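The structure appears right after this line, and notes come after that.
The values are calculated or read from the model by the stated rules, or taken from the named source; none is laboratory data. From a predicted model like this one, the values you see are computed outputs, not experimental measurements. Cβ sites come from the backbone with ideal geometry, for glycine too, and all protein chains shown count toward neighbours. SASA here: full protein model, heavy atoms, side chains in, ligands and nucleic acids out. Shrake-Rupley method; radii C 1.70, N 1.55, O 1.52, S 1.80 Å.
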Amino acid sequence: MYTDKVMDHFNNPRNVGEIENPDGVGQVGNPKCGDIMRISIRVGGGETITDVKFKTFGCGAAVATSSIATELIKGKTISDALGVTNRAVVEALEGLPPVKMHCSVLAEEAVKAAIADYYTRKGIDPVPIVGCDGKCESCRV
């Protein structure tokens, strides 16, 4: 059912924990399945993600997608990290069962939420850069 890569990231997750005084934090959840992902980032010169950590409450696929997402963005520029899609997460894990694809979507959303928070903390509107999460003023009108 799960690939060896998914099982490896579930059994040996990378980058687990929280960054003290992070530059950005993104937390997303899926009320339908109960999964919650929290990703914190540290951003260095050149807008490079120098450190990333995650905490996930959920199934094995949720843990694995969080783990691989952190590996995919660590050391990348924010611009490159924004290019990490749920499809890239699935490909990096060499596949996910169809009923677990929502976990890869959560991983993508958590990364984008952390980056959006980073820009918000800097006083920059994240929507033109990260996109809209459906919670902005424009969406509530």
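Within region 49-64, the set of residues being farther than 10 Å from M37 by Cα and either in contact with a helix residue (DSSP H, G or I) (Cβ under 9 Å, 6 or more places away or on another chain) or in contact (Cβ under 8 Å) with a residue 60 or more places away in the chain (or both) comprises I49, V52, K53, C59, G60, A61, A64. Restricting the first member to region 1-23 and to residues that are under 14 Å from V90 (Cα atoms), and the second to residues that are of a type in the set (D, E), the beta-carbon pairs closer than 6 Å and six or more apart or on different chains are T3/E94; K5/E94.
State whether one or more residues within region 3-14 are more than 18 Å from K74 (Cβ to Cβ), of a type outside the set (A, V, I, L, M) and touching a Gly at 6+ places or on another chain (Cβ under 8 Å).
Yes.
The residue that is nearest to E18 (Cα to Cα), counting only those in region 51-67 that are open to solvent by 10 Å² or more (accessible area, probe 1.4 Å) and assigned to a helix (DSSP H, G or I), is V63. So which residues in region 19-40 are open to solvent by 40 Å² or more (accessible area, probe 1.4 Å) and either closer than 12 Å to T65 by Cβ or under 13 Å from the mean Cα position of the chain (by Cα) (or both), if there are any at all? Listed by number, the residues that qualify are Q27, G29, I36, R38.
Within region 111-128, residues that are within 23 Å of T65 (Cβ to Cβ) and without any contact (Cβ under 8 Å) to a residue 24 or more places away in the chain have Cβ atoms under 8 Å from residues that are hydrophobic (A, V, I, L, M, F, W, C) and outside any loop (DSSP other than H, G, I, E, B) in these pairs: P126/I115; P126/A116, counting only partners at least 6 apart in sequence or on another chain. In this structure, L72 does not qualify as part of a loop (DSSP other than H, G, I, E, B), among the hydrophobic types (A, V, I, L, M, F, W, C) and modelled with pLDDT of 95 or more.
May I ask you to list pairs of residues, at least six apart or on different chains, whose Cβ atoms are under 7 Å apart, with the first in region 90-103 being under 9 Å from T3 (Cα atoms) and the second being outside any loop (DSSP other than H, G, I, E, B) and of a type in the set (A, V, I, L, M, F, W, C)? Correct list of pairs: L93/V6; L93/A64; L93/I68; L96/V6; L96/A61; L96/V90; L96/C103. Filtering region 81-130 to residues that are open to solvent by 20 Å² or more (accessible area, probe 1.4 Å), out of contact with any Phe, Trp or Tyr (no Cβ under 9 Å at 6 or more places or on another chain), part of a helix (DSSP H, G or I) and over 24 Å from N21 (Cα atoms) leaves N86, R87, A88, E91, A92, P98, V99, M101, H102, V105, P128.
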